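Comments concern the structure below.
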Amino acid sequence: MEEIQLKAYGKINLGLDVIRKRPDGYHDLDMIMQTVGIYDDIIIKKTHTFGEIKVETDTEVLSNGKDNLAYMAVKTLFDEFDIHQGVKIHINKRIPIAGGMAGGSADCAATLIGINQMFELGLDTEALMKHGVKLGADVPYCVMGGTAIARGIGDVLTPLPAPPQCHVVIAKPPISVSTAYVYGRIRLEQIEKRPDIEGIAQSIRDGALKKMASLLYNVMEEVTVSEYPVIQKIEKILLEEGALNAIMSGSGPTVFGLFDDKEKAEKAVRTLEDKGLSQQLYLTGFVN
Ligand code: ATP
């Protein structure tokens, strides 16, 4: 195989709770992860430059170097299996960068999967997830995809059935919020409202879309909403346009709204476009 193309899907969090700070500096989380239909294209090609791992992307804001998670994915498997083939990886980004949709982890996971296939390494999903967690807490989930409860640092996964399909409007406001900033500012002892993670999981098992939507909640919004009013503005518009509910994904700032009516979802996209509140705007669905 000389070339392989993969889709690296982004995720949203239907629920996100931060439980505690661990002695190692990471946080224990309790989350519901859901893959959505926004993906980066990952194209991996063999080259004839011995030992060279090259990454290029269609965006200037992303590193092409050794700190690109796709590079790290190749390097970790090449080191493990003593492979010295040259490869070039091209990434077309669609997942908002630093948006709370695990785009970097998705690219990393897709690259692990692609290299495993291309070089016939024979790794199963579990083995790929084990390699993935060394590169990022969300990578094991991205290898698996679909719907899951994620605990620990995000790497202790319990798969769930697919929730009922709906229309998902995703809007990334034109601001940058780093994950480190949000974790640095969250005051765990002051959190008054927390998501009912088990309730969300049960509503998914029951196929109860409206119940599930009513329980969406992300504790990280306590930090971001007060600092970045645009997040709440987008949520308000989504709700006014008929979303069942709307919250921020991950550490933000991307916001999503769930709709059971396609026309309402399309109108919400037009309204957000007209108001110029988002830099990237998508209408998609769940992927399982
Ligand atoms: P999460 O939801 O896991 O917190 P995120 O969606 O907020 O992640 P990402 O887009 O995954 O953020 O990127 C976080 C950082 O990772 C970026 O600022 C970037 O420097 C780095 N990074 C490395 N490789 C990639 C990649 N292939 N795509 C995106 N970001 C990457």
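The values are calculated or read from the model by the stated rules, or taken from the named source; none is laboratory data. None of these values were measured; they are calculated from a predicted model. Glycine gets a Cβ as well: all are built from the backbone with ideal geometry, and neighbour counts include every protein chain shown.
Selection of region 168-225 for residues being more than 22 Å from Ala265 (Cβ to Cβ) and of a type in the set (Gly, Ala, Ser) yields Ser176, Ser178, Ala180, Gly184, Gly199, Ala201. Exactly one residue among Lys46, Lys21, Lys54 is within 15 Å of the ligand (Cβ to nearest atom) and either of a type in the set (D, E, K, R) or crowded, with 17+ Cβ neighbours inside 10 Å (or both), and that residue is Lys54.
Scanning region 124-141 for residues that are outside any helix (DSSP H, G or I) and closer than 18 Å to Ala106 by Cβ, we see that the one that is farthest from the ligand (Cβ to nearest atom) is Lys134.
If you go through region 155-205 and pick out every residue that is in a helix (DSSP H, G or I) and in contact with a Lys or Arg (Cβ under 7 Å, 6 or more places away or on another chain), you end up with 2. Could you look through region 209-229, keep only residues that are touching a residue at least 40 places away in the same chain (Cβ under 8 Å) and under 14 Å from Asn245 (Cα atoms), and pick out the one that is nearest to the chain's Cα centre (by Cα)? So, considering only residues that are touching a residue at least 40 places away in the same chain (Cβ under 8 Å) and under 14 Å from Asn245 (Cα atoms), the one nearest to the chain's Cα centre (by Cα) is Asn218. Residues that are out of contact with any strand residue (DSSP E or B) (no Cβ under 7 Å at 6 or more places or on another chain), assigned to a helix (DSSP H, G or I) and within 14 Å of the ligand (Cβ to nearest atom) within region 67-85 comprise Leu69, Met72, Ala73, Thr76, listed in sequence order. Just one of (1) of a type in the set (A, V, I, L, M, F, W, C); (2) assigned to a strand (DSSP E or B); (3) under 30 Å from Gly25 (Cα atoms) trips up Leu281, so point out which. Only one criterion is unmet by Leu281, namely (3).
Cβ separations smaller than 6 Å between residues 6+ apart or across chains give the following pairs from region 242-255 residues that are away from the ligand (no atom under 13 Å from the Cβ) to residues that are among the polar types (S, T, N, Q): Ile247/Asn218. Beta carbons closer than 7 Å, at least 6 apart along the sequence or on distinct chains, never pair a first residue in region 53-66 that is more than 11 Å from Ile91 (Cα to Cα) and assigned to a strand (DSSP E or B) with a second that is within 11 Å of the ligand (Cβ to nearest atom) and basic (Lys, Arg). Applying the set (1) surrounded by 15 or more Cβ atoms within 10 Å (Cβ to Cβ); (2) more than 21 Å from Pro96 (Cα to Cα); (3) at pLDDT 95 or above to Ile247 leaves exactly one unmet item: (2).
If I filter region 244-259 for residues that are assigned to a helix (DSSP H, G or I) and either under 19 Å from Val169 (Cβ atoms) or among the hydroxyl-bearing types (Ser, Thr, Tyr) (or both), do I get at least one hit? No; the residues of region 244-259 include none that is assigned to a helix (DSSP H, G or I) and either under 19 Å from Val169 (Cβ atoms) or among the hydroxyl-bearing types (Ser, Thr, Tyr) (or both). Assessment of region 93-114 against the conditions (in contact with a His (Cβ under 9 Å, 6 or more places away or on another chain) and either more than 10 Å from the ligand (Cβ to nearest atom) or modelled with pLDDT of 95 or more (or both)) yields at least one matching residue.
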